[in-house]
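Please read the structure below before turning to the comments.
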Amino acid sequence: QVQLVESGGGLVQAGGSLRLSCAASGNIFNMNIMAWYRQGAGKQRESVAFISSGGITNYTESVKGRFTISRDNAKNTVYLQMNSLKPEDTAVYYCALRQGLGMRHYWGQGTQVTVSS
C-alpha cells in the first residue's frame, strides 16, 4: 500500500508564494509519476503539474511560469513551489502518485490553499 501526506497549505495574499510538500511511503516503485491536482469549490478536480521519476515535467497552462514542481527521489517527496499566486488558485490541493499496471492513482488527503485578493 501507499500513503501520501501533504503539508504547506495556508492563507496568502495575491502575489504571494507557498510551497507544498508531499511525502510518499509504503510500496513505492522506482518508476512512477508524482503529481499535484486541485479542486476549487464547486469545480472538478484538475491536474496542476506532474513529474516523472526521470524528471520530466508538465504543467497546466494556467500555472506555467508561476508554479514549479520538483521531487527528491531519495525521500520519495514531491514539491510544488507556487509563486505569484492569484485568487483563482484557491483550492484544495491533492498530491498523487501513479505507478504500476494501469498507472493506478494513490491520493493524499489534500491541503487547503486560499489566496486573498
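The values are calculated or read from the model by the stated rules, or taken from the named source; none is laboratory data. All values derive from a computational prediction rather than experimental measurement. Here Cβ is always computed from backbone atoms with ideal geometry, including for glycine, and neighbour counts include all displayed protein chains. The protein model used for the area step is the full one, side chains on, heavy atoms only, and it has no ligands, DNA or RNA in it. Shrake-Rupley method; radii C 1.70, N 1.55, O 1.52, S 1.80 Å.
Couple of notes before you dig in:
- All of (1) within 12 Å of the chain's Cα centre (by Cα); (2) open to solvent by less than 70 Å² (accessible area, probe 1.4 Å); (3) of a type outside the set (Asp, Glu) hold for residue 55 with one exception: (1).
- Search result, residues across the range 83-95 that are within 13 Å of the chain's Cα centre (by Cα) and open to solvent by 20 Å² or more (accessible area, probe 1.4 Å): 92, 94
Results for (1) surrounded by fewer than 16 Cβ atoms within 10 Å (Cβ to Cβ); (2) out of contact with any helix residue (DSSP H, G or I) (no Cβ under 9 Å at 6 or more places or on another chain), shown as yes or no for each residue.
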site	(1), (2)
27	yes, yes
36	no, yes
40	yes, no
43	yes, yes
50	no, yes
59	no, yes
67	no, no
70	yes, yes
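- Residue satisfying all of: in the range 96-115; within 18 Å of residue 62 (Cα to Cα) and open to solvent by less than 40 Å² (accessible area, probe 1.4 Å); farthest from the chain's Cα centre (by Cα) among these: 115
- Strands (runs of 3 or more DSSP E) contained in the range 1-72 and holding at least 3 residues of a type in the set (Gly, Ala, Ser) and closer than 21 Å to residue 113 by Cα: 18-26
- Among residues of the range 25-44 that are free of Cβ contacts under 8 Å to residues at least 40 places away in the same chain, those with a Cβ under 8 angstrom from a residue that is open to solvent by 60 Å² or more (accessible area, probe 1.4 Å), sequence gap 6+ or separate chain, pair up as 26/1; 26/3; 27/1.
- Note on the range 70-117: residues that are under 10 Å from residue 6 (Cβ atoms), in contact with a Lys or Arg (Cβ under 7 Å, 6 or more places away or on another chain) and of a type in the set (S, T, N, Q) amount to 0.
- Check on residue 78, open to solvent by less than 70 Å² (accessible area, probe 1.4 Å), in contact with a Ser or Thr (Cβ under 8 Å, 6 or more places away or on another chain) and among the hydrophobic types (A, V, I, L, M, F, W, C): yes
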